[in-house]
Amino acid sequence: QVQVVESGGGLVQAGGSLRLSCAVSGSIFRINHMGWYRQAPGKQRELVAAMSRSGNTNYADSVKGRFTISRNNANNTGYLQMNSLKPEDTAVYYCNANSYAMNYWGQGTQVTVSS
């Protein structure tokens, strides 16, 4: 069984920063892509950032230059550094770990940015 646990969310003022963490544990052979998604009320879940095992990254246009994804393959952890936060970044943020044909999701962590 695989567990994905996010942490680091919270309430922050516009312009502030947060760092989200994702810990993946259990019977997982190898994490290929690791990504962060978010879902705001009334909206579809969207990709925020993703990183391949080799380090290639992909960002949503709305967060480029403000968010940075990173990961530690040795201990199956991932991070999302979020700077210059905006009210429109308010959402539940989910970590996704992809291992071949399987996708594993965490329960999400709430990020709220006040104006």
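The values are calculated or read from the model by the stated rules, or taken from the named source; none is laboratory data. Since the structure is predicted, the reported quantities are computational estimates derived from the model, not experimental observations. In this analysis, Cβ positions are derived from the backbone assuming ideal geometry, glycine residues included, and neighbour counts consider all displayed protein chains. Accessible surface is based on the protein model in full, side chains and every heavy atom, while ligands, DNA and RNA are left aside. Shrake-Rupley method; radii C 1.70, N 1.55, O 1.52, S 1.80 Å.
Would you kindly identify the strands (runs of 3 or more DSSP E) lying entirely within the range 1-103 that contain at least 1 residues that are of a type in the set (Val, Ile, Thr) and either surrounded by 13 or more Cβ atoms within 10 Å (Cβ to Cβ) or out of contact with any Cys (no Cβ under 8 Å at 6 or more places or on another chain) (or both)? Spell out how you get there, then give the answer.
Working: elements: 2-7, 10-13, 18-26, 34-39, 46-51, 57-59, 67-72, 77-82, 91-99.
By residue number, 2-7, 10-13, 18-26, 46-51, 57-59, 67-72, 77-82, 91-99.
Could you run through the range 1-50 and say how many residues are within 11 Å of Gly78 (Cα to Cα) and not small (Gly, Ala, Ser)?
Count: 11.
What are the residue pairs meeting all of these: first residue in the range 32-54, first residue within 14 Å of Asp89 (Cβ to Cβ) and among the charged types (D, E, K, R), second residue open to solvent by 30 Å² or more (accessible area, probe 1.4 Å) and not in a loop (DSSP other than H, G, I, E, B), Cβ atoms under 9 Å, and 6 or more apart or on different chains?
Sorted first by the residue in the range 32-54, then by its partner, the pairs are Arg38/Glu46; Arg38/Leu47; Arg38/Val92; Arg38/Tyr94; Glu46/Tyr37; Glu46/Gln39; Glu46/Ser62.
Taking the residues in the range 63-115 that are of a type in the set (Ser, Thr, Tyr) and without any contact (Cβ under 8 Å) to a residue 40 or more places away in the chain as candidates, determine which candidate is nearest to Val4 (Cα to Cα).
Going through the qualifying residues, I end up with Ser70.
Results for (1) small (Gly, Ala, Ser); (2) closer than 18 Å to Ser99 by Cβ, shown as yes or no for each residue.
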{"residue": "Gly8", "(1), (2)": "yes, no"}
{"residue": "Ser17", "(1), (2)": "yes, no"}
{"residue": "Ser21", "(1), (2)": "yes, no"}
{"residue": "Tyr37", "(1), (2)": "no, yes"}
{"residue": "Pro41", "(1), (2)": "no, no"}
